[in-house]
Amino acid sequence: MRIGERALESLEWPLVVDELRRHLRTPGGLARCDDTLFAPDLGAARRALRETGEARAVLEQDGAGVGRVPDVEAALARSERGGALEIGELFEVAEVAEALAETRRRVLRAAELAPGLAARAELLPEAEGLAHEVRWAFDAEGQLRDDASPLLGESRAAIRRLGGELQRRMQDALQDRSVAPHLSDRFVTVRAGRYVIPVRSEARGHVPGIVHDASSSGTTVFVEPERAVPLNNQLREAELAVQRETRRILRELTEAVGRAAPALRSGLVHLAELDLAFARAALALAWDGVEPELGDEGVIALPQLRHPLLPRGEAVPNDLRLGETYSTLVLSGPNAGGKSVAMKALALAVLGAHAGLHCCAATGARVDWTEAVLADIGDAQSLRESLSTFSAHLANLAEICRAADARTLVALDEIGDGTDPGEGAALAQAVLETLADAGARVVVTTHYNLLKEMADLDPRFENASFEFDPETLAPTYRLRVGTAGSSSATAVAARMGLPQTVLDRANELLEREDRRLEQTLAALNESRVAIERERREAERLRAETEADREVVRHKLETLQARRDKLHDALRVELEDAFRGAHEQVAEIIRTLQRRG
C-alpha cells in the first residue's frame, strides 16, 4: 500500500499502532510495528485477517497467546562468533527456547480451531533440549551446580575444606601469645584473595608473614602469617580451578547456543508473526470488531462503523458505503458534528484491514483491496517551502490528482477551504470530478453548498449529512445518507455564547441564495428530526400495543385452557352419570324379568 507518513499521522494510524503495541510480547513483534504492517498483496492481507480470526478464537477458548520473551539477538550473534555468554544471557536464551517450544505445543493443540496458525507453529524449533541443558547446569539461585562437572564439584569441596582449616589456623594465630600483643584488632579478613590478620604497623617485625595491604591511616598492616601461607596457596589454587572450570562449562553452553542460533533466530521470526496475530486478535476483542470481507472490486461497506480510538459507549455508529453505486461520498453538516471522525474511521478501517486488523463495524463489513490511501487533512502549512496553508493544501491536492486511480482511496477534509468561498468551491468541485474520472474512491467533508448539489447532477456522487438537533442546538453524530446537511454556523455560534446582536447581523449579511439553501437544509433537518422523533414514538406505541396484545392473548389462552378443562371435567361427569343411570335401568329390567 502506498501512503505517506504525513497522511498516516493525519489519519491517526500511529495511535492505532500504539494500541497494537500494548498487546505485543516479543521484540520481533514490536520491531514489526516500526516497519510497515501492511500486507504486500491481497492474498497476504486475507491470510493476515484469517490468522487474526483464528487467534481470536484461541484467545476466546483459553485466553492464552504468546508469552513475553527477552531480546537475545546480541547473545546469539556473539555465540556464533565464539564469544562467551554470561550466565544471565544463557538464562535468557533458555527462556526463549522454552517459549518457542511452549508456543508450538499450545498452538498445535488448537490446530482444529486455528489451522493457519498451526501451520506456522510447525516452523518453530523444538529447542527444549538446549533449555534443559542450560537449566540443569544451574541451581535455583542462578549459580553453577556442584555436579555440573566432577572437577567443579571437587574444587568447590576443596575450597570449603581449606577455608574451614584456614579459619581455624587464623583463629589460633589471634590467640597466639607471641602474636596477640601486636594486633590492632582481633578479626580475620581477606586481602587480595588471602586470609590475613590486622597488625600494628610499628609491630610489623614481630609477626612473621607477608603483608598484603595497609589501612588508609597507615597504622595497620594486614599480614598473612607464615603458618597460613601453604593453606592459602592451596585455597587459591582451588579457587583458580573453579574459575577455569566455570569458564569451560560456560564456553560449552555458549557453543551449544551457537549451534542452535540459526534455528532459534528463524523460530523467533515465526514467533513474531504469531505474536502479531495474537496481538491483532486481542485488539479485535478489545474493540469488539469484526473480520471484514476483503474483495477486489473497490467496494467499501461498513455498517455501524465506529472510530476505533473512541470508547465504545461514546461512539455513535453509522453506516458508510463507497464503490457500489457511487464513488464519492460528500459529508456535510455542522462543525464538530462528526464529519472528520467518520472520514477517519472509514480510512482507518481500510488501513486496518490491509494490516490484518478487524474493524469496528457490524457483521457484513467489506473492505476491498486498495493500493494507495491519499489524504489531505489538517494544517498543511510549510514554512520551509514558503507555502501558506492554502498553498500547501493545493500542492497536496495536485499530487493526489496525479497519483489517484481506480485502486485508490482519497480522504479530503474541508476541501478548498482557506480562500475565497466561490473560487474554493469551484476548485474543490474540479478536483472531485477529476478524482471521480480516475475511478478513485473518495470521502470528502465540506461546508460548500456547491459540492452538496453535485449529488443531484452526477450519479458518481452521494450526499451524507450529520444531524443537528434544532432544539438543543447540539450535534447528534447520526449520519443520514442521501441528504445534504446544513452547516448551522449561526446555531453553533449561539451555542458557543455569541451575542444575539451579532447573530442577527450575521443572518442579515448572508447572501440571499446561500441563505435560501441553508434555510431549506435546516428545514429539512428539522423535518427529519421531527419525523425521526415521531417514528420512535410510533415504534414505542407499537411496542406497547404488541405488549398489551400479548397480555390479552395470554389471558385468552388461559381462559381457553380453563374452559377446555371444565368442558372435559363436565363431559367425564356426564358420562359417569349416564353410565350409572344405564346400569340402574338394566338392573331394574333384570329384576322385573326375574319376577315374571
inquiry  = Per-residue counts of other Cβ atoms within 10 Å, averaged by peptide: what ranking do you get for 225-238, 278-291, highest first?
reply    = 278-291, 225-238
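So for the chain, averaging the separation of alpha carbon pairs under 8 Å that are six or more residues apart and normalising by length, what relative contact order in percent results? Mind showing how you got there, number by number?
Numbers: 911 pairs, mean separation 83.9, N = 596.
With pairs under 8 Å counted, the relative contact order is 14 percent.
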message = Using a 7 Å offset from the Cα along the Cα-to-Cβ direction at both Thr389 and Asp564, what is the distance between the two label points in nm, to one decimal?
response = 7.5
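Rolling a 1.4 Å sphere over the protein heavy atoms, what is the accessible area per residue of the chain, to the nearest Å²? Don't skip to the answer; put the middle values down first.
Values: 31130 Å² over 596 residues.
The answer is 52 Å² per residue.
Can you order the peptides 294-304, 156-166 by their average number of other Cβ atoms within 10 Å per residue, highest first? Mind dumping the intermediate values first?
Details: 294-304: 17.8, 156-166: 15.4.
Highest-to-lowest ranking by the protection proxy: 294-304, 156-166.
Expressed in whole Å with the largest first, what are the equivalent ellipsoid semi-axes of the chain derived from the C-alpha gyration tensor as the square root of 5 times each eigenvalue? Could the numbers behind the result be given before it?
Working: eigenvalues 1175, 498, 138 Å².
Result for the chain: semi-axes of 77, 50, 26 Å.
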ask   = Which Cα, out of Pro150, Ala428, Thr328, lies furthest along the positive dipole direction of the chain (beta carbon charges, K/R +1, D/E -1)?
value = Pro150
note = Quick calc, segment 174-275, dipole around Cα centre from Cβ unit charges on Lys, Arg (+) and Asp, Glu (-), nearest 20 debye, gives 240
query = Farthest toward the dipole's positive end in segment 86-135, which of Ala110, Ala94, Leu130, given Cβ charges of +1 (Lys, Arg) and -1 (Asp, Glu) about the Cα centre?
reply = Ala110
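Once neighbouring chains are kept in place and the probe is 1.4 Å, which whole percent of the accessible area of the chain is contributed by carbon and sulfur?
Numbers: 16270 of 31130 Å².
Carbon and sulfur: 52 percent of the exposed surface of the chain.
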query = Taking the Cα centre of segment 232-366 as origin and charging only Cβ (+1 Lys, Arg; -1 Asp, Glu), how large is the dipole, in debye to the nearest 20?
reply = 440
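For Asp458 and Glu297, FRET efficiency with R0 = 22 Å and r from the beta-carbon atoms, rounded to 0.05? Numbers along the way, then the final one.
Values: r = 21 Å, r/R0 = 0.95.
Using R0 = 22 Å, I get an efficiency of 0.55.
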task = Taking the dipole about the Cα centre of the chain, with the C-beta of Lys and Arg at +1 and of Asp and Glu at -1, give me whichever of Gly364, Gln593, Leu457 is farthest to the positive side.
result = Gln593
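Note down the magnitude of the dipole of the chain about its Cα centre, charges +1 on Lys and Arg C-beta and -1 on Asp and Glu C-beta and zero elsewhere, to the nearest 20 debye. Walk me through the intermediate numbers first.
Working: 76 positive and 98 negative charges, 487 e Å.
In total the dipole reaches around 2340 debye.
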remark   = In Å, the C-alpha Rg and Dmax of segment 1-132 are 17.4, 50
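What fraction of the Cα pairs in segment 21-99, stated in percent, has a spacing above 20 angstrom? Could you put the intermediate results ahead of the total?
Values: 1582 of 3081 pairs.
Considering segment 21-99, 51 percent of its Cα-Cα pairs are separated by more than 20 Å.
Sort 544-554, 351-361, 140-150, 19-29 by packing, meaning the average of other beta carbons within 10 Å per residue, with the highest value first. Spell out each step's value before the answer.
Numbers: 544-554: 10.0, 351-361: 26.6, 140-150: 12.6, 19-29: 19.5.
In descending order of packing, they fall as 351-361, 19-29, 140-150, 544-554.
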query = When the helix-only estimate is applied to the chain (DSSP H runs of n ≥ 4, each -39,500 (n - 2.57), divided by the residue count), what is the mean residue ellipticity at 222 nm, nearest 500 deg cm²/dmol?
reply = -19000 deg cm²/dmol
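The values are calculated or read from the model by the stated rules, or taken from the named source; none is laboratory data. All values reported here derive from a predicted model rather than from experimental measurement. We place every Cβ from the backbone using ideal geometry, glycine too, and count neighbours over all the protein chains shown. Just the protein is used for accessible areas: all its heavy atoms, side chains included, with ligands, DNA and RNA removed. Shrake-Rupley method; radii C 1.70, N 1.55, O 1.52, S 1.80 Å.
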